[in-house]
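Chemist: Have a look at this one before I ask anything.
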2 protein chains.
Amino acid sequence: MVPLLNDGSIVGESSRAERKALEKRRAILRAAAVAFRKHGFLATGMREIASAADLSPANLYYYFDSKQELLYFCQDHSLDRLLEEVTAAKERERRPADVLRQIISAHARFMLDELDGASAHLEVDALAAPLRARIVEKRDRYEQAVRKIISNGMKAGAFVKSDAALITRAIFGALNWTARWYRPDGPAQPSVIAEAYAEYLVRGLLK
Amino acid sequence: MVPLLNDGSIVGESSRAERKALEKRRAILRAAAVAFRKHGFLATGMREIASAADLSPANLYYYFDSKQELLYFCQDHSLDRLLEEVTAAKERERRPADVLRQIISAHARFMLDELDGASAHLEVDALAAPLRARIVEKRDRYEQAVRKIISNGMKAGAFVKSDAALITRAIFGALNWTARWYRPDGPAQPSVIAEAYAEYLVRGLLK
DNA sequence: ATAATTTTAGAACATTGGTTCCACTTTTGA
DNA sequence: TCAAAAGTGGAACCAATGTTCTAAAATTAT
């Protein structure tokens, strides 16, 4: 197996073999994602994940040391994606309302059509102490970033004054909950949902 | 054990013994609720529930035929409470915005300080087909009721026009998600959270 | 081509978790 | 008071689940 650091990141300047292994890990997650969506990460067994990825259960353990590490890999990757979107939104937009709309829309789209583990990033509590701490730290970074945009907007007079921490969590709640009810074969398209959410959730802050 | 219909409701005009048994079932749930909150219903074992309620695991089975029935009982009861709040709000308030604020506030408070199984009403998918169908039906009734208030408000011109179904789900997402982060020993009081949410989530609909 | 390395899977292990058995105690009602 | 009913718990059962063992197949490098 490709050498990994205990935090799941690749050691050294990733060689071709290493990148290939990483890609395989992602592919496994993508395959497993449909199962995750159906009944959550916790309720999805290693045998089910393996079979979704066309692997034997034993073989799955060649790519992931444990179910914990698999979950960690999912969540870590998801949070990286979300953090990227924050930076992108801040670069692209100027007004707080626009930045926020951008972030909400991206987060929604991410939940709805990004297949690898978007829904797994919900079950933080399923991780045991050492790994959970790392995820919580990263998740907090994401939350703080969004909260900052909101509280700055409030200070600048762009948003109505309120408890920025609560508003942030309300927004995340609405967004994360989409994984619970969204079905790809349903009536609403991801992009439509994303725009409606962005519109509604930002409007609640406007004066 | 007290005779129950297969749907968990009491048969006949509940006698004292029956009411007592029902109360005991509620008490068990209240005791288990803290465990549910900590790591969700799925991850909470029957032994843990039993010990939280000061019962032996075997004894717990005297009150609930199975973990499924226990979950069903939780969810059914929770939904009844939420439906009651809808009726109450519609009677008490006149304007759509006020009705909605009322409902949101009640739902939030219910999630945060009602102890019996508020958080268990989240894991619908953990129920197997026959029981799940009943819960889904009731949950849909609740969802429809709220959606109706919103879409009526839109038609009446009290709210901005948008996709009422999506807005409804966004609101429920924000509300239900509170169970994930709220800690009774945290800084924000349930009533404060409830008001902030009601204010924010309704404002997003106002013209 | 052949040795070394990577990748794969069948079978089994250990633990957990829902559940049942059965006997024992407590409460209820006549 | 005493039999019937309600309530209780210790121990064990059994299926499911995360995981490991071992060895074989496929790939890569020399």
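Chemist: Step by step: first the residues of the stretch A:37-67, then only those that are within 12 Å of DNA strand D (Cβ to nearest atom), within 21 Å of A:Met111 (Cα to Cα) and in a helix (DSSP H, G or I), then the one that is nearest to the other protein chains (Cβ to nearest Cβ). Which residue is that?
Modeler: So, considering only residues that are within 12 Å of DNA strand D (Cβ to nearest atom), within 21 Å of A:Met111 (Cα to Cα) and in a helix (DSSP H, G or I), the one nearest to the other protein chains (Cβ to nearest Cβ) is A:His39.
Chemist: Follow-up. Would you say B:Ala32 is surrounded by 19 or more Cβ atoms within 10 Å (Cβ to Cβ), within 10 Å of DNA strand D (Cβ to nearest atom) and either not aromatic (Phe, Trp, Tyr) or not in a loop (DSSP other than H, G, I, E, B) (or both)? Break it down into steps so the answer makes sense when it comes.
Modeler: Working: surrounded by 19 or more Cβ atoms within 10 Å (Cβ to Cβ): yes; within 10 Å of DNA strand D (Cβ to nearest atom): no; either not aromatic (Phe, Trp, Tyr) or not in a loop (DSSP other than H, G, I, E, B) (or both): yes.
Taking the combined requirement at face value, the residue does not satisfy it.
Chemist: Among the residues of the stretch B:169-191, which ones are surrounded by fewer than 21 Cβ atoms within 10 Å (Cβ to Cβ) and not aliphatic (A, V, I, L, M)?
Modeler: Selection gives B:Arg180, B:Trp181, B:Tyr182, B:Arg183, B:Pro184, B:Asp185, B:Gly186, B:Pro187, B:Gln189, B:Pro190, B:Ser191.
Chemist: So B:Glu195 fits all but one of (1) part of a helix (DSSP H, G or I); (2) within 30 Å of B:Tyr72 (Cβ to Cβ); what number is the exception?
Modeler: Only one criterion in (1) part of a helix (DSSP H, G or I); (2) within 30 Å of B:Tyr72 (Cβ to Cβ) is unmet by B:Glu195, namely (2).
Yes/no matrix, rows are residues, columns are (1) under 21 Å from the mean Cα position of the chain (by Cα); (2) at pLDDT below 90:
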site: B:Met1; (1), (2): no, yes
site: B:Glu13; (1), (2): no, yes
site: B:Ile28; (1), (2): yes, no
site: B:Lys38; (1), (2): yes, yes
site: B:Ala43; (1), (2): yes, yes
site: B:Ile49; (1), (2): yes, no
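Chemist: Something else: Counting only residues that are exposed (fewer than 15 other Cβ atoms within 10 Å of the Cβ) and either charged (D, E, K, R) or under 12 Å from the mean Cα position of the chain (by Cα) (or both), which one in the stretch A:66-89 is nearest to DNA strand C (Cβ to nearest atom)?
Modeler: So, considering only residues that are exposed (fewer than 15 other Cβ atoms within 10 Å of the Cβ) and either charged (D, E, K, R) or under 12 Å from the mean Cα position of the chain (by Cα) (or both), the one nearest to DNA strand C (Cβ to nearest atom) is A:Asp80.
Matching residues to (1) modelled with pLDDT under 95; (2) open to solvent by less than 20 Å² (accessible area, probe 1.4 Å); (3) touching an Asp or Glu at 6+ places or on another chain (Cβ under 9 Å):
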{"site": "A:Pro96", "(1), (2), (3)": "no, no, no"}
{"site": "A:Ala128", "(1), (2), (3)": "yes, no, no"}
{"site": "A:Glu137", "(1), (2), (3)": "yes, no, no"}
{"site": "A:Ile193", "(1), (2), (3)": "no, yes, yes"}
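Chemist: Something else about it: Of the residues A:Gly153, A:Gly186, A:Gly173, only one is facing another protein chain (nearest Cβ under 8 Å) and under 27 Å from B:Lys161 (Cβ atoms); which?
Modeler: A:Gly173 is the lone residue from the list that is facing another protein chain (nearest Cβ under 8 Å) and under 27 Å from B:Lys161 (Cβ atoms).
Chemist: In addition: Looking at the stretch B:171-183, can you tell me whether even one residue there is over 21 Å from the mean Cα position of the chain (by Cα) and not acidic (Asp, Glu)?
Modeler: There is no residue in the stretch B:171-183 that is over 21 Å from the mean Cα position of the chain (by Cα) and not acidic (Asp, Glu).
Chemist: Since A:Arg180 meets every condition but one in (1) at pLDDT below 95; (2) in contact with a Pro (Cβ under 8 Å, 6 or more places away or on another chain), which condition does it not meet?
Modeler: Failed condition: (2).
Chemist: Looking at A:Ala133, A:Ala145, which is the one that is away from every other protein chain (no Cβ under 11 Å), modelled with pLDDT of 95 or more and open to solvent by 10 Å² or more (accessible area, probe 1.4 Å)?
Modeler: Result: A:Ala145 is the single residue among A:Ala133, A:Ala145 that is away from every other protein chain (no Cβ under 11 Å), modelled with pLDDT of 95 or more and open to solvent by 10 Å² or more (accessible area, probe 1.4 Å).
The values are calculated or read from the model by the stated rules, or taken from the named source; none is laboratory data. Remember, it's a predicted structure, so these values are computed and weren't measured experimentally. No Cβ is skipped: glycine too gets one built from the backbone with ideal geometry, and neighbour counts run over all protein chains shown. Calculation scope for accessible area: heavy atoms of the full protein, side chains included, ligands and nucleic acids excluded. Shrake-Rupley method; radii C 1.70, N 1.55, O 1.52, S 1.80 Å.
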